[in-house]
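Asks: The structure that follows is given in the form of structure tokens.
Please treat every number below as a calculation from the coordinates, not as lab data. Just so you know, these numbers come straight off a predicted model, no measurement behind them. Neighbour counts run over all protein chains shown; Cβ positions are idealised from the backbone, glycine included.
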Amino acid sequence: METGKLIKELRVKKGLTQEDLAERTELSARTIQRIENGEVDPRAYTLQMIAKALDVDFSLFVEETNDDKKDQEVNHNTWLGFLHLSGLLPLFFPSLILWRQRKNKTKDMIHHFHAVLSMQVCILGISLGGLWVYWKVNQLTPFMIGLLIGALVSIFNAINVMNGKAFINPFVKSEEKSLKR
């Protein structure tokens, strides 16, 4: 539950009006109204005053904020996981469309997008090389191995990212990988 809605719920349970709460906290009634409507995020000091006026523990509001951040992080990880799964096929359009839709809404989307594109180029290169081997030697094994490795890395990355872990990008040095996550 959002902090503003929680404050409103607690205020109503106490039988207080917005004016009553404003008087107890030395805030304006308009400020209380804006907090309850979610128009502003109150500072910690303001939340402490409201908690004291409502006779509740301040940590009730802090835990609520942390839960919202966890939900947002899970949402980001889910979108990043979908981006990595879009790398299963050596087609760039699904990844490009997903990146374009979420680039300003999902944290670190550009780093993951680069990793997915790198993996797709790698899969495409191995596939074309495998097809050349098939054409020359009539052996399809390199082509199939290339596709299988690409698919496994994409699935592995998607699972890791959805669980909040680091992903594999073979084209980035190990020092840079630690900076990315």
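Asks: Within 10 Å, count the other beta carbons around each residue, average over each peptide in 131-137, 146-152, 53-59, and list them highest first.
Replies: So the peptides 131-137, 146-152, 53-59, ranked by packing, come out 146-152, 53-59, 131-137.
Asks: Taking 0.36 nm per residue of separation and subtracting the Cα-Cα distance, what length does fully extending residue 5 through residue 133 add?
Replies: Extra length available between residue 5 and residue 133 comes to 39.7 nm.
Asks: Along the Cα→Cβ direction, 7 angstrom out, place labels at residue 12 and residue 62. What is the inter-label distance in nm?
Replies: 2.8
Asks: Next up: Rounded to a whole number, what is D in µm²/s for the stretch 3-56 from Stokes-Einstein with the Kirkwood radius over alpha-carbon pairs (20 °C, 1.002 mPa s)?
Replies: 202
Asks: Here's another thing I want to ask about it. Past 30 Å, Cα to Cα, is the threshold; run 103/165; 105/165; 8/103 against it and keep the listed order.
Replies: Cα-Cα > 30 Å for 8/103; rest within.
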